[in-house]
Amino acid sequence: MASEQDKNQIEQLQEAEKLAFDHPEFFEQVLDTTISICLATPLNDFKLQFQCLNFIYKAFHQKKIESSSIRIQQSAKLIDLLDYFIIRNEEKSPNYMIIQKCIDILTASYDLIFLNMINSPDESEWDRLTNIKEYLLSQLTSSYPLQPYNPESDLFRSIGCKNSIIKLTGKVIQVQLPSTSSSEKIEDDISVSMIGSTHPFLLNANLSSQAQNLLDSLFVLINEDIILPTGVFTTIMSTLMTLFKTRSKFVSNKFIMFVLAYESQLKLDPRFEKDQKLKMKLIKRFNDRIDKCLISFLLNKGFLAKDPGLKTRFENKFNYLVEKSRKQRQGGIIDVDIDDDDDEVKEIKRQKLEAIQQNDMMFYNESRIARSNDYKAIYTLIKPEDQLTGFEMSSIPVQILSSMVIAALSKVTTPKLIKGLNIVSDRYKELTSNTDSAFEGEYLPADKNLKRKREDNDDDDGQAHSRVKYEGENGGGNDVDGINDDDELKGEFVVPLPDEFSISRKKDQLKLIIDNFINLSAKKIKQSKSSSDNAGQQQMALQRVAIPNWDKDSWIKLLSRLATRGLGNKDLSDCVRETLFNYLKDDVKNRIDGVIEWLNEEYFSEIQAKSEPIPSPDGYYMKYAGYFLDNLIPFLESADRKIFIRLLSELPYLQNTLIWKIKSLCKDPVRSKLGFQSLLYLIMFRPPVVKDCLDLIKEMHDDPSSDDALQQECSNYLKKYSPK
Amino acid sequence: MEAHKVLKDAGYKVRSYGTGTSVRLPGPTIDQPNVFDFGTPYTSILDKLNTQDLRIHKANGVLDMTKRNIAIKKAPERWPYFNQPPQRLPASAYPEFENELDFQVVITCEERCFDSVVEDYLGRNYFDPSQTQIPVHCFNVEIRDEHRSALSGAQAILDLANLLSTAYQQSLLDFSSTPFDDKVLDIITEWQEHHPTLPILYSICYH
């Protein structure tokens with residue numbers, strides 16, 4: 001739930017974005033501000049960060065800033081931002097959409113920054129950029145930024161970010177391989193060819209060699225034995241298509257031969273996805289179709305015209321794919337039991353499978369990081385959706401359990417067992433040493449502990465206390481298990497202060513607390529009744545504490561004190577007030593105690609800082625007293641006399657605007673009596689408001705719209721209490 | 001066009017195109033089809049049909065189809081092929097679209113059309129390497145070109161659009177949920193299981 005403040009900030013950013021795109025002369029200023037806001041925003045405030053990154057994405061990736069010179073000029077400023085999200089906060093559970101936007105921004109700006117570095121060398125910034133780039137490129141086959149499972153399943157996860165990394169790979173290859181074209185626009189083909197021989201750190205040969213390796217890695221990926229998901233496969237094809245044009249010398253042969261040789265039937269399903277037969281069948285069908293489209297494109301656009309032999313092979317492959325597709329449709333798309341493989345294909349697949357199974361050491365969940373702080377997360381190696389994860393092992397008798405464990409241990413290969421144990425061990429270590437987890441903390445030096453201990457003792461008037469053993473002067477005599485010897489030497493372990501919440505998170509958390517209070521109030525609480533023996537004692541307590549005994553309405557006192565005195569922040573106090581008001585107004589008649597309790601708190605809180613006991617007309621007391629009367633009066637019935645008069649008698653302050661709200665009661669023929677009884681009560685028992693009550697009666701008396709009965713009633717009151 | 005109507009009625013922003021060289025409708029005889037240029041208003045097409053044997057056009061549904069199309073858009077348009085003269089309505093007819101390729105999803109209804117669209121995108125990757133590389137999810141839902149199939153096919157397309165839209169909205173609302181792109185293949189599989197007679201194709205393209 002975005003807070004009001006966040007919404008305002010996002011709206012302001014949207015306005016700034018519009019200004020920058022409508023008037024590019026302001027782009028630099030808006031970009032600088034956006035980057036600083038983004039860097040200053042807490043990591044958990046994704047919406048604000050996303051808005052900032054979206055602006056940069058539109059400017060650089062979607063090229064909404066059309067001027068390439070402006071984009072080139074400003075591009076180096078993005079390094080710090082990308083470094084912040086991708087490198088510096090790598091371990092703080094990066095957000096998926098934020099990371100994807102960052103990768104896209106890097107793809108759109110890598111060549112621009114590269115050109116910047118050629119013209120104005122800055123080695124330290126280049127090193128930072130290289131660091132970011134290499135980190136991202138190394139994640140090509142992983143599930144980054146999601147936590148990993150295993151290499152095969154991870155190919156099917158984080159597809160959006162994987163596609164972005166593939167596009168980044170394509171851009172890096174394009175920039176770092178020499179260009180052969182002579183494009184009119186510099187921006188269109190920035191490459192290592194532009195580097196001068198005297199450049200201090202950009203070395204043409206090194207960059208080209210890295211690009212060549214990256215190109216090879218793309219071909220290795222598409223030639224994997226495991227089928228690639230269609231999104232990844234088509235993104236690689238699209239990227240190679242661009243490189244086929246821009247870096248033809250390096251790409252064309254490999255690309256053409258791959259398109260000709262690709263055969264989805266020879267690919268294996270990921271071993272943990274074997275139950276998803278239809279999905280795998282569809283992926284193969286889709287990938288074949290893209291291959292067919294590529295063949296058709298190459299044939300129709302004349303790429304193969306110079307080599308008739310190759311052209312014939314392509315035509316044969318095209319016809320083969322058309323026939324295969326036709327057969328598939330005839331057989332029914334969703335019939336997964338139809339075996340599409342001929343004997344030759346089966347034999348190739350069998351050989352591949354055998355080769356894989358000889359080295360079958362894979363677990364589904366091979367993540368070295370536990371997904372949560374519990375033992376289940378540390379020890380689970382199987383698929384989260386596996387039914388075994390829900391099986392209660394403790395229900396099996398110990399003897400059978402032992403037999404199962406022994407059978408499993410005798411069956412598993414030693415290397416696989418070691419691998420599994422290593423994964424568990426690594427997760428445990430990571431969890432206990434992770435600086436970002438709840439385990440972070442520090443040991444206070446022992447002398448400080450002693451000092452603290454002495455202070456504690458002084459405070460407690462020498463009372464004996466049994467706190468943890470490091471405080472004891474008896475040298476760990478209370479140490480039951482003896483495992484804390486090291487800790488004792490280190491001193492007291494102090495849990496670190498948590499990161500400060502943003503105001504929006506504070507409001508969210510506060511709302512949770514209030515809602516919880518309200519939910520609890522609905523439950524029946526066994527009220528602790530004071531016995532006659534301790535009545536006197538309780539009388540004393542009443543003079544000192546607000547809640548001597550907990551009852552079902554005690555939480556209202558807590559909340560009202562929290563709103564009026566406990567929170568030093570207007571937004572947060574308003575949040576409590578609003579929720580409290582909504583709760584009480586739902587059933588004012590039965591919650592009248594709470595209403596009186598709260599309004600008295602508001603009144604007291606407001607007047608204590610004033611010289612006279614009159615609350616401000618714009619203050620919370622007047623506001624909510626008015627709201628409650630507005631919510632109560634229309635629903636009052638004659639039988640509610642006691643409730644209403646009690647409210648009027650116990651409200652700490654009344655004045656004419658509040659009293660005037662009784663007018664509607666008096667003018668209602670059915671409830672008129674209730675209105676006048678209330679006024680009578682006020683005239684008799686609240687002298688400060690007598691004049692206001694009589695003024696109201698006089699006004700009704702003089703009002704031409706009042707009927708005779710009302711005027712007569714008013715007249716009686718006026719004769720009695722205001723004879724003049 | 002039936003799918004256009006159904007999607008539009010469901011609140012989606014929609015544009016529809018043909019992928020051939022011209023608009024071909026059944027004519028008075030099997031060897032005399034009615035051929036129109038893209039951009040010819042449906043009202044003009046209706047006028048031409050009215051001059052011919054209306055019994056045939058009523059019987060094959062062409063007359064009703066043209067009347068329905070008049071209520072949907074002004075004229076048939078051609079897919080914005082790279083480097084080819086535009087044969088579509090002016091941009092002012094679609095203020096909700098930023099440009100001619102401002103789509104998140106493209107759905108074709110014949111494999112031939114799917115191939116044309118995918119090849120066009122691949123051609124853009126090749127011939128215009130400086131392009132922005134914005135992804136678009138392309139699908140084909142194979143529908144037989146006759147009235148009843150068009151009605152059921154349009155509903156199936158709406159189902160697919162709703163599944164995709166729900167997953168996409170969820171990924172925007174809950175940043176910690178499974179990413180949208182990871183769900184697409186599962187959505188397609190689920191959809192195909194419910195519509196076994198409509199073979200689907202899928203690809204991500206870039207422009």
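Each value in this text was obtained by applying a stated rule to the coordinates, not by laboratory testing. Values in this document were obtained by computation on a predicted structure and should not be read as measured data. Positions of Cβ are backbone-derived with ideal geometry, glycine not excepted, and every protein chain shown enters the neighbour counts.
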Alpha-carbon centroids, segment A:103-123 and segment A:404-434: separation in whole Å: 45 Å
query: For segment A:570-608 and segment B:103-138, what is the separation of their Cα centres, given in Å?
result: 60 Å
task: Just subtract the alpha-carbon distance of A:LEU266 and A:TYR135 from 0.36 nm times their residue separation and send over the number in nm, one decimal.
output: 43.9 nm
task: Return the loop-located GluC sites (Glu not before Pro) in segment A:635-724 (DSSP other than H, G, I, E, B) with at most 12 other Cβ atoms within 10 Å of their own Cβ; answer none if there are none.
output: A:GLU637
statement: Everything considered on the Cα gyration tensor (a ≥ b ≥ c; rounded for a/c under 1.5, else prolate if a/b is larger than b/c, else oblate), segment B:47-199 must be described as oblate
task: Could you name the lysines whose alpha carbon sits less than 22 Å from that of A:LYS610, not counting residues in the same chain fewer than 8 places away?
output: A:LYS570, A:LYS623
query: Using the Karplus equation 6.51 cos²θ - 1.76 cosθ + 1.60 (θ = phi - 60°), what ³J(HN,Hα) coupling, rounded to whole Hz, does each residue of segment A:676-684 give in order, writing x for Gly and Pro?
result: 5, 4, 5, 5, 4, 4, 5, 4, 7
message: If amide hydrogens are placed 1.01 Å from N in the peptide plane, which non-local residues have theirs closer than 5 Å to the one on B:ARG78?
response: B:GLY18, B:GLN87, B:ARG88
- line: By Cβ neighbour count within 10 Å, fewest first, A:ARG641, A:ARG247 rank A:ARG641, A:ARG247
message: Whole-Hz ³J(HN,Hα) for each residue in segment B:16-22, computed from phi via Karplus 6.51 cos²θ - 1.76 cosθ + 1.60 with θ = phi - 60°, x for glycine and proline: what do you get?
response: 10, 9, x, 10, x, 8, 7
statement: In order over segment A:259-273: 3J(HN,Hα) from phi, Karplus 6.51/-1.76/1.60, θ = phi - 60°, whole Hz, x for each Gly or Pro, gives 4, 5, 8, 4, 9, 4, 5, 7, 7, 9, 6, x, 5, 8, 10
- line: Applying a 4.7 angstrom Cβ cut-off across the protein assembly as shown, unpaired cysteine residues come out as A:CYS102, A:CYS161, A:CYS293, A:CYS575, A:CYS666, A:CYS693, A:CYS714, B:CYS109, B:CYS113, B:CYS138, B:CYS205
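Using the Kirkwood radius built from alpha carbon pairs, what does the Stokes-Einstein equation give as D for segment A:281-416 at 25 °C and 0.890 mPa s, in µm² per second?
120 µm²/s
Which of the pairs A:LYS249/A:LYS324; A:LYS249/A:LYS292; A:LYS167/A:LYS254; A:LYS663/A:LYS698; A:LYS64/B:LYS74 have their Cα atoms more than 22 Å apart in this structure?
The answer is A:LYS249/A:LYS324; A:LYS249/A:LYS292; A:LYS64/B:LYS74.
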query: In what sequence do B:ILE204, A:ILE614, A:ILE556 fall when counting other Cβ within 10 Å, fewest first?
result: A:ILE614, A:ILE556, B:ILE204
- line: If amide H atoms are modeled at 1.01 Å from N in the peptide plane, then the residues at a separation of 5 or more from B:TYR202, or on another chain, having amide H under 5 Å from its own are B:ASN140
message: Over 24 Å between Cα atoms: which of A:LYS47/A:LYS171; A:LYS311/A:LYS352; A:LYS245/A:LYS311 fall into that group?
response: A:LYS47/A:LYS171; A:LYS311/A:LYS352
query: Once both labels are modelled 7 Å past Cα along the beta-carbon direction, what's the B:ARG148-A:THR414 spacing in nm?
result: 7.0 nm
message: To make sure I understand, if each residue's beta carbon is the centre and we count other beta carbons within 10 Å, what order do A:ASP707, A:ASP22 fall in, fewest to most?
response: A:ASP22, A:ASP707
task: Could you tell me which GluC sites (Glu not before Pro) in segment A:251-332 are loop residues by DSSP with no more than 14 other beta carbons within 10 angstrom of their beta carbon?
output: none
field: Point-charge dipole on Cβ atoms (K/R +1, D/E -1) for the protein assembly as shown, about Cα centre, debye to 20
entry: 2240 debye
- line: So for R0 = 56 Å, FRET eff. of A:VAL345-A:VAL405 from the Cβ-Cβ r, to 0.05, ends up at 0.85
statement: For B:ASN34, other-chain or 5+-apart residues with amide H closer than 5 Å (H placed, Pro excluded) are B:LEU25, B:GLY27
query: Mind listing which trypsin sites (Lys or Arg not before Pro) in segment A:48-103 are in a DSSP loop and have 14 or fewer other Cβ atoms within 10 Å?
result: A:LYS92
